[in-house]
Every structure is written in C-alpha cells, then in structure tokens.
Amino acid sequence: MEEILDYLLKPFNIERKEAKEFSPLVLAYIGDAVYELIVRSILVSMGNRPVNKLNKDATSLVKAGAQSEIVKLISDKLSEEEYTVFKRGRNSSPHTMAKNASMTDYKYATGFEALIGFLYLDNRCERALELVKLGIDLYLNKNDIGVKI
C-alpha cells in the first residue's frame, strides 16, 4: 500500500528521506501542519457549520496549551522511540514563542508536533492518528471546551 507521503511526493519525483535525518524543529514544522489538517478534517467532516465556528473549535484543539496537555495525557502510551522524539522536540530551542502560551506549554507542544511530524515522515500515519485520537478523546473528556468529536 502506498503511504500518503509517498503518494504526495511521487508527482514531483522526490524520494522520501528518513525521518531520523530531520531536526526536531523541522519535524515540529511538518507535525504542526499534519496535526492541524487532522483536526480540520475531523471538524469539517462533522457537517457544514459557519467557518468562524470551525476555526474556533480547531483553535481550541491546536493551541499550544491544548497540545501540551494532550501529550502529557498520552505520554505513558508512547514507545521508547516516540518518547525520545518527543523529548528532542521539547528540548529544542525554538526561535519564537506562542503569543498565548507559557514557555513550558510551548515546548511541550513543540515536542508533540515533532512526534506527529516524525510519524508522518516515517510513513506511520496510522500510529499518528491513533495517538491524536487518544489524545483528543482524553483531552475533551477532561476539559469542557464545547467541542464534541
């Protein structure tokens, strides 16, 4: 079965590189986009709603504070390799900081994004989805933020 990344790169004649070759911040860069695409896809698939409502719901799940809490809720489900990737991302030195997040939340969110990016670039999308689903389910059960998935 052709994985999504291979499918996306094929028309451009680009071969996939090993996920381990990328810096933690590059992993977080792609992981941020992958996680947001997952969240937006879920919300849109739930039916037509005003775009401002979709954006509000998406933002509540993709903001640094939510990602930080999600990764803490799923950390005991991570393999040793996944936890190492998360720690590399968390311990990296980002050159920016989220406007509405503490430095701790921002670093944990960066680690979460690095993990999702690593799994995506390693063609382990099923595992990324499994962790995202578990994390969102646990997060929504713990917090009353008005988003129902």
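Residues in the stretch 78-109 that are farther than 16 Å from Ala128 by Cβ, open to solvent by less than 30 Å² (accessible area, probe 1.4 Å) and part of a helix (DSSP H, G or I): how many?
0
Just the residues that are surrounded by fewer than 16 Cβ atoms within 10 Å (Cβ to Cβ) and either closer than 17 Å to Gly111 by Cβ or of a type outside the set (A, V, I, L, M) (or both), please, taken from the stretch 37-62.
Ser41, Ser45, Gly47, Asn48, Arg49, Pro50, Asn52, Lys53, Asn55, Lys56, Thr59
Could you tell me whether the stretch 16-35 includes any residue that is within 17 Å of Gln67 (Cβ to Cβ), out of contact with any Lys or Arg (no Cβ under 7 Å at 6 or more places or on another chain) and either open to solvent by 80 Å² or more (accessible area, probe 1.4 Å) or polar (S, T, N, Q) (or both)? Break it down stepwise before answering.
In the first step, residues of the stretch 16-35 are kept if they are within 17 Å of Gln67 (Cβ to Cβ); the result is 24-25, 27-35.
Filter once more, keeping what is out of contact with any Lys or Arg (no Cβ under 7 Å at 6 or more places or on another chain): 25, 27-35.
Cutting the leftovers down to either open to solvent by 80 Å² or more (accessible area, probe 1.4 Å) or polar (S, T, N, Q) (or both) gives us 29.
Within the stretch 16-35, one or more residues are within 17 Å of Gln67 (Cβ to Cβ), out of contact with any Lys or Arg (no Cβ under 7 Å at 6 or more places or on another chain) and either open to solvent by 80 Å² or more (accessible area, probe 1.4 Å) or polar (S, T, N, Q) (or both).
Ala66 is checked against (1) modelled with pLDDT under 95; (2) open to solvent by less than 70 Å² (accessible area, probe 1.4 Å) and fails just one. What number does that condition carry?
Here Ala66 meets the rest and fails (1).
Go through the residues of the stretch 124-145 one by one and say whether even a single one is modelled with pLDDT under 95, over 21 Å from Leu37 (Cβ atoms), open to solvent by 50 Å² or more (accessible area, probe 1.4 Å) and among the aliphatic types (A, V, I, L, M).
No: zero hits.
The values are calculated or read from the model by the stated rules, or taken from the named source; none is laboratory data. The structure presented is a predicted model; accordingly, all values stated were derived computationally and were not measured. All Cβ positions, glycine included, derive from the backbone under ideal geometry; neighbour counts span all protein chains shown. Heads up: the accessible areas ignore ligands, DNA and RNA and are worked out on the full protein's heavy atoms, side chains in. Shrake-Rupley method; radii C 1.70, N 1.55, O 1.52, S 1.80 Å.
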